[in-house]
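Just below is one structure, and these are the notes that go with it.
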Amino acid sequence: MPSDARMQDSNPFVEIATHLFFEDLAGKVGVAGLNNYLVSLAKNLAAAMPREEYASWSEFVGAVRDSQSILSTFEEVRPVTERCMSTLRSPFERGWREYAKRVGSFAPVHREVAEYYNHKVQPTAVTSVHIVLHTFRQAAAARIRVGDDAVRYEPVAAAWVDGTVQLPEGPKLESLLKRAGITRTKLGMLLRNHSDVWLLEPV
Amino acid sequence: MIDVALASLIEDMIEKAGAEGVVEFWQRVGDNLAGRMGKEAYLGWTSFNVAVREARTAFSIEGEVTPLTDMAITDVDGDVVGYLYAMRQCCYIPTIFRTRFAVGRMSPADQAVTEEYNENVHNIAVCNFCVFHERFREEIAKNVTVAGNPLACFLLATRGWSGETKISSKNVVQVNINEDHVRALLRNYECVYALVLRGARLKEER
């Protein structure tokens, strides 16, 4: 969440309505159709936002940390290393809490579509909103240039509000940790207190 | 974030189903959400209004609602059969500002859905979200009883983020509230509605 006071929090009711919108959509187009919809939704959102350029990697990381970048428009990002980013809170946490409080337990389709995404795309989603989040960050990173380089986003792990953690296994995880410059233990520590851990690197 | 993305979702829906389709879609979502909120029962208006003030009712999901207990609605016998309720801030205003500072401007899809609704359903919407929550309130009102009677909801007035106002002549007449009183409320509130006992015989003149 940006420090700029003009960027106020959303009303969770709007998020609840959007979740219901997705549930209704899933009833019509199925889990695969919803997945495609969420992906295109996030790509459209990123495409609607202005491109960015930075002279150096440190300037870019500073902008992400200070909520001046497209990547930190909707969430507070804390760099752990030069390449490894962590998100303190999920931007969907308020909406989820309000949904649980006022409506009841989350409809199963939100987990089902995440499982579909984990199987078909990459194993880092716990619920439907992670599909939006990962795709948005990926598309947003592609709109940034640091010097002559493009920027690539890759998720390392996601922890949902209820504590459920989703992360790749085996060599894939080891490779991500090495590129991010953190250990498995450090990842565990981050997931205890943060919602997402991700990687940004120059291409 | 998902609220800001909603604008592009609606843009996409308009391409697929037209603004009319989005209106129907939003109304169905309003029905679905109301159906999942469950029933509520209150002994009388006092306990209901306290519950509204303490954000315990299904209506509170929209945000802070103020019961205007000085503006009672009476029936032909002079008995209180309802009250006006108001929200200082429209649920969608934060999203409009977030879109302004994240993307740059609101999608024209918002206006397209609003106009479709105003022309063909009820001339009261100031943003696309009005479509959803007018239906939502109407449906949850049926599930709330006060002294054993289910409620009916009438959306009376709205004020959009750029200052435009809408007053529902149809609903203002229905609940016998003077339009000037409602207009005055819009100085301080962005959404005003009435909750009355379903089937109450309202006064013809106030």
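So the values come out like this:
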item	result
Residues being open to solvent by less than 70 Å² (accessible area, probe 1.4 Å), in contact with a helix residue (DSSP H, G or I) (Cβ under 9 Å, 6 or more places away or on another chain) and among the aromatic types (Phe, Trp, Tyr) - total across segment B:148-206	2
Residues within segment B:1-49 that are away from chain A (no Cβ under 13 Å) and surrounded by fewer than 16 Cβ atoms within 10 Å (Cβ to Cβ), tallied	8
Close pairs (9 angstrom Cβ cut-off, 6 or more residues apart or separate chains): among the hydroxyl-bearing types (Ser, Thr, Tyr) in segment A:150-161, open to solvent by 10 Å² or more (accessible area, probe 1.4 Å) anywhere	A:153/A:138; A:153/A:139; A:153/A:142; A:153/A:201
Complete set of residues in segment B:71-126 that are in a loop (DSSP other than H, G, I, E, B), more than 10 Å from chain A (Cβ to nearest Cβ) and open to solvent by 60 Å² or more (accessible area, probe 1.4 Å)	B:76, B:77, B:79, B:88, B:121, B:123
Pairs where the first residue, in segment B:30-50, is touching a residue at least 24 places away in the same chain (Cβ under 8 Å) and the second is among the basic types (Lys, Arg), C-beta under 6 Å, 6+ apart	B:30/B:135
Filter pass, residue A:23 being open to solvent by less than 10 Å² (accessible area, probe 1.4 Å), at the interface with chain B (Cβ under 9 Å from one of its Cβ atoms) and either assigned to a helix (DSSP H, G or I) or aromatic (Phe, Trp, Tyr) (or both)	no
Pick from segment A:43-63, criterion assigned to a loop (DSSP other than H, G, I, E, B) and more than 9 Å from chain B (Cβ to nearest Cβ), ranking: most open to solvent (accessible area, probe 1.4 Å)	A:51
Any hit, segment B:134-146, residues being in contact with a Phe, Trp or Tyr (Cβ under 7 Å, 6 or more places away or on another chain) and either free of Cβ contacts under 8 Å to residues at least 24 places away in the same chain or within 12 Å of another protein chain (Cβ to nearest Cβ) (or both)	yes
Segment B:120-167: number of residues that are out of contact with any Asp or Glu (no Cβ under 9 Å at 6 or more places or on another chain) and among the basic types (Lys, Arg)	2
Flag for residue A:157 being open to solvent by 10 Å² or more (accessible area, probe 1.4 Å) and assigned to a strand (DSSP E or B)	no
Any chance residue B:109 is more than 16 Å from the chain's Cα centre (by Cα) and of a type in the set (A, V, I, L, M)	yes
Leading residue by the ranking (farthest from the other protein chains (Cβ to nearest Cβ)) among those in segment B:50-62 that are open to solvent by 10 Å² or more (accessible area, probe 1.4 Å) and in a helix (DSSP H, G or I)	B:50
Pair list, Cβ < 9 Å and 6+ apart or interchain, from segment A:67-82 residues that are free of Cβ contacts under 8 Å to residues at least 40 places away in the same chain and surrounded by 18 or more Cβ atoms within 10 Å (Cβ to Cβ) to residues that are part of a loop (DSSP other than H, G, I, E, B) and hydroxyl-bearing (Ser, Thr, Tyr)	A:77/A:67; A:77/A:69
Filter pass, residue B:112 being on the phi < 0 side of the Ramachandran plot and not basic (Lys, Arg)	yes
Checklist (1) at pLDDT 90 or above; (2) open to solvent by less than 70 Å² (accessible area, probe 1.4 Å); (3) under 17 Å from the mean Cα position of the chain (by Cα) applied to residue A:15, failing item	(1)
Positions within segment A:26-42 being under 15 Å from residue B:12 (Cα atoms), away from chain B (no Cβ under 11 Å), surrounded by 15 or more Cβ atoms within 10 Å (Cβ to Cβ) and touching a Leu at 6+ places or on another chain (Cβ under 9 Å), in sequence order	A:34
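Residue by residue, here is whether (1) of a type in the set (Asp, Glu); (2) under 13 Å from residue A:31 (Cβ atoms); (3) more than 10 Å from chain B (Cβ to nearest Cβ); (4) part of a helix (DSSP H, G or I) holds:
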position: A:91; (1), (2), (3), (4): no, no, no, no
position: A:95; (1), (2), (3), (4): no, no, no, yes
position: A:101; (1), (2), (3), (4): no, no, no, yes
position: A:106; (1), (2), (3), (4): no, no, yes, no
position: A:114; (1), (2), (3), (4): no, yes, yes, yes
position: A:117; (1), (2), (3), (4): no, yes, yes, yes
position: A:125; (1), (2), (3), (4): no, yes, yes, no
position: A:131; (1), (2), (3), (4): no, yes, yes, yes
position: A:137; (1), (2), (3), (4): no, no, yes, yes
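The values are calculated or read from the model by the stated rules, or taken from the named source; none is laboratory data. Predicted, not measured: the structure shown is a model, and the values here were computed from it. Note: ideal-geometry Cβ built from the backbone for every residue, glycine included; neighbour counts use all protein chains shown. Ligands, DNA and RNA are stripped out before the accessible areas are found, and what is left, the full protein with its side chains, is counted by its heavy atoms. Shrake-Rupley method; radii C 1.70, N 1.55, O 1.52, S 1.80 Å.
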